[in-house]
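One structure below.
The values are calculated or read from the model by the stated rules, or taken from the named source; none is laboratory data. Note that this is a predicted model, so its numbers are computed, not measured. In this analysis, Cβ positions are derived from the backbone assuming ideal geometry, glycine residues included, and neighbour counts consider all displayed protein chains. Keep in mind that these areas ignore ligands, DNA and RNA; they rest on the heavy atoms of the full protein, side chains included. Shrake-Rupley method; radii C 1.70, N 1.55, O 1.52, S 1.80 Å.
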Amino acid sequence: MDKHEISERLQRLASEQDKLTRKLIDGEQRCRGLAKSVWSVQEEERKRIARELHDGIGQTLTALKLRLMTMPKSEAQAEALQITEIALSEARQLARLLRPAVLDDLGLVAALKWISQLTDEQSSSQVSLLISGLDERLPPDIETLLFRITQEALTNALKHSQASIIDIRLSSESGRVFLSVADNGIGFDVSASHSPDGNSFGLRSMRDRVELFHGDIRINSSPNGGTEILVHLNI
């Protein structure tokens, strides 16, 4: 085989490699698009169920509560009224957690204020929120993503970290948005969280969702060193 034949073969191999690379890129883009579509459908389903809980079950329980209030007072009436009030409160809270109306109506900033205040009031952790550089609303899918990341991070901190302080920071600069959720809890071994056997479904879900939007996510933690979740996204 002479040099000319070798050169032609190398060129053919390079051309075939380029074609395979383009196919892989196209396939990855289609997979990302499909995953985003599935995620959007899930969020729409959350919104629908939340609306049904609030407008359907919530209104039914409200009507029942008003009817009970008009009945003659008795021990049974008081007990039924108390149970109805608890069910109504839980239905409303579940609806808000599934898909808070404030996220769609007022945006991410208002939704983060709501969930941070709720967590601060209903847990033993002190939650602080600092927002800067967001004078306008972000694209709806970015707002939903950042809210879900914050929600998951708060859930993990409350369930696993034993944190007394949780700090949420959200800022935007030069076409990028930055989210940080940090706590002073017991921390964990980040490398072990990558193991398929590890109890880290929430962390993997965060990574997968951020990667769908070509963003960067870093999880910094160590035993007894707290945990910080950092997300950077182009907007």
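The table that follows gives values for the structure above.
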quantity: Kirkwood-type radius of region 129-181, with distances r between different C-alpha atoms, in Å; calculated: 12.0 Å
quantity: Accessible area per residue in Å² at 1.4 Å probe, computed on region 91-217; calculated: 51 Å²
quantity: Computed E for S164/L106 - FRET, C-beta separation, R0 41 angstrom, nearest 0.05; calculated: 0.90
quantity: Zone of D216's modelled label, taken as backbone nitrogen in region 163-178 under 16 Å from a point 7 Å along Cα→Cβ; calculated: 171-178
quantity: Pairs beyond 30 Å (Cα-Cα), from K36/K159; K73/K159; K73/K113; calculated: K73/K159; K73/K113
quantity: Within the accessible area of region 82-235 (1.4 Å probe), percent carbon and sulfur; calculated: 49 percent
quantity: Pairwise FRET efficiency - Q77 versus L97, Cβ, R0 = 22 Å, nearest 0.05; calculated: 0.10
